[in-house]
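The values are calculated or read from the model by the stated rules, or taken from the named source; none is laboratory data. These numbers were taken from a predicted model, which means no experiment stands behind them. Note: ideal-geometry Cβ built from the backbone for every residue, glycine included; neighbour counts use all protein chains shown. When the accessible area is computed, the model is the full protein with side chains, heavy atoms only, and any ligands, DNA or RNA have been set aside. Shrake-Rupley method; radii C 1.70, N 1.55, O 1.52, S 1.80 Å.
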Amino acid sequence: MTVELAQPHSPELHHTHRDVTGGWLRPAVFGAMDGLVSNFALIAGVVGAAGAGRGAVLAGFAGLVAGACSMAAGEYTSVKSQTELMRAEIAVERRELARNPEGEQAELAALYRARGLDAELARKVAAGLSADPEQALRVHVREELGVDPDDLPSPRLAAASSFGAFAAGALVPLAPFLFGASGLAVAVVLSVLALFGFGAVVARMTARPWWLGGLRQLALGVGAAAATFGIGHVLGVTIS
């Protein structure tokens, strides 16, 4: 008779997470979608008003350059302002820890009691974390401000991500006209595929159904292009 000994449980392997605070994903996604949708809509409006040709190329190129620069400048200013505000609040917390360390330690203990620790354990945890002033600062900033002082968003990264993504998205509907397209059909096909594809990729990155993200982005982009094409067509007929 063979007796099988129970195998000891292997230690649990810690799973890893993707970087969600680096400051690049939101401007990249927003930039690519904005570039694709806005330039698709802009070119559609110009074609609807005056037909395909040099005007569509000029409008598409101007939309690409102006939009990419505007997005980069806006992202840089926005993230820079946000980061400066965070640093200012971190400085306030640093001064409070230097001025009243006992009060800040008591505040931290109260926070842990509110989260379910008993009073004695909360006091010991707060005292242990407060022994190192820099560690105490990090804990207070994370708990009170909800940010990581060691991983603040980068304005330059946000601006570069936004610029590159917008330019890439805006190039999709413009590319056919750079190669001599005489109508909107090829640009429509490429833009529709890009809208659905990019929406599906983003949905997969955020653990949502790929087809739902693709269809949602497709509906938004086609709706914007259809509206500007119709307005351009009406204005073109009126002007002519």
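Observations
- Highest-MSF residue in the chain out of LEU121, LEU178, LEU212 [GNM, Cα springs under 10 Å]: LEU121
- When only alpha carbons of the range 96-185 are considered, Rg and Dmax amount to 25.3, 77 Å.
- Residues in the chain average 61 Å² of solvent-accessible surface per residue, probe 1.4 Å, ligands and nucleic acids excluded.
- The range 184-240-the range 41-56 distance, computed between alpha-carbon centres (Å): 16
- A Gaussian network model of the chain, with springs between Cα atoms under 10 Å, assigns the largest mean-square fluctuation among VAL202, VAL57, VAL46 to VAL202.
- Inter-label distance for ASN100 and ARG54, nm, one decimal - labels placed 7 Å from Cα along Cα-to-Cβ: 7.1
- For the chain, hydrophobic long helices are taken as DSSP H runs at least 24 Å long by C-alpha position along their axis with mean Kyte-Doolittle hydropathy of 0.0 or more; these are 25-50, 54-99, 155-178, 185-205, 210-239.
- Heavy-atom surface analysis with a 1.4 Å probe gives the range 25-239 a carbon and sulfur content of 67 percent of its accessible area.
- Scanning the chain for trypsin sites (Lys or Arg not before Pro) that sit in a DSSP loop and have at most 16 other Cβ atoms within 10 Å, the longest stretch containing none of them is 116-240.
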